[in-house]
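To start, the structure itself, in structure tokens.
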């Protein structure tokens, strides 16, 4: 699997670049335990660089030993140069507007193969910096497969572009929260839209410095 090779080999370069150009600060590395454990990883989305940042923020030993991480990407980006690049790192297309169960058919195949799934529940970049309503797919997967969820919060990437990157204008912080399960935050009879917001609240609580309610 070519993307598995790229994921493992690019980590040292990415971490060094992010540390130097983005003044990267990482909190919560101690929450990255059991690297062989299959995960659903969730994160807020403020910039196209976010998926690379999150991978580069995981501890090296953990990232080296963890299962391959796959990234669902909106199908409309498939023909873009950007997609050709991120495909090397485990991205795959996902269709929207067809219902989450139909859209997640391939994702479920990857889960059954034991791979990790990284999701931006907001579904797109929140350009104004404010949280967007979370899409229900992650709640559906977390409930159906009872997989632990690793929440990650990124701040400081809003407005980041290549020029600002190389001018070292941004100070980026990545917070890794403790893992949790669907049943830790949502009830069995919760509506899927209510459940997914409760899941995403674990990320938003870190962003806004609220104390996690375990």
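The values are calculated or read from the model by the stated rules, or taken from the named source; none is laboratory data. Everything quoted here is computed from the prediction, not taken from an experiment. All Cβ positions, even for glycine, are placed from backbone atoms using ideal geometry, and neighbour counts span all protein chains on display.
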Residues being part of a helix (DSSP H, G or I) and modelled with pLDDT under 80 - total across segment 82-104: 8
Filter result for residue 192 (within 25 Å of residue 100 (Cβ to Cβ), touching a helix residue (DSSP H, G or I) at 6+ places or on another chain (Cβ under 7 Å) and surrounded by 21 or more Cβ atoms within 10 Å (Cβ to Cβ)): no
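A quick yes/no check of all residues on (1) part of a strand (DSSP E or B); (2) at pLDDT below 95; (3) under 29 Å from residue 183 (Cβ atoms):
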site	(1), (2), (3)
121	no, yes, yes
125	no, yes, no
130	no, yes, yes
135	no, yes, yes
142	no, no, yes
147	no, no, yes
151	yes, no, yes
158	no, yes, no
168	no, no, no
Hits in segment 41-64 - residues which are more than 14 Å from residue 176 (Cβ to Cβ) and in contact with a strand residue (DSSP E or B) (Cβ under 7 Å, 6 or more places away or on another chain): 46, 51
Residues (assigned to a helix (DSSP H, G or I), farther than 16 Å from residue 169 by Cα and in contact (Cβ under 8 Å) with a residue 40 or more places away in the chain) located in segment 4-39: 4, 6, 7, 8, 10, 11, 12, 14, 15, 29, 31
Odd one out for residue 124, checked against (1) surrounded by 14 or more Cβ atoms within 10 Å (Cβ to Cβ); (2) under 14 Å from the mean Cα position of the chain (by Cα): (1)
Positions within segment 34-58 being in contact with a helix residue (DSSP H, G or I) (Cβ under 8 Å, 6 or more places away or on another chain) and over 15 Å from residue 153 (Cα atoms), in sequence order: 35, 36, 38
Conditions (1) touching a residue at least 60 places away in the same chain (Cβ under 8 Å); (2) over 16 Å from the mean Cα position of the chain (by Cα): number failed by residue 157: (2)
Segment 105-119, subset assigned to a helix (DSSP H, G or I) and in contact with a helix residue (DSSP H, G or I) (Cβ under 8 Å, 6 or more places away or on another chain), residue surrounded by the fewest Cβ atoms within 10 Å (Cβ to Cβ): 108
Some residue of segment 65-74 being farther than 22 Å from residue 141 by Cα, surrounded by fewer than 20 Cβ atoms within 10 Å (Cβ to Cβ), out of contact with any strand residue (DSSP E or B) (no Cβ under 9 Å at 6 or more places or on another chain) and in contact (Cβ under 8 Å) with a residue 12 or more places away in the chain: yes
For residue 170: the one exception among (1) over 16 Å from the mean Cα position of the chain (by Cα); (2) surrounded by fewer than 18 Cβ atoms within 10 Å (Cβ to Cβ); (3) in contact (Cβ under 8 Å) with a residue 40 or more places away in the chain: (2)
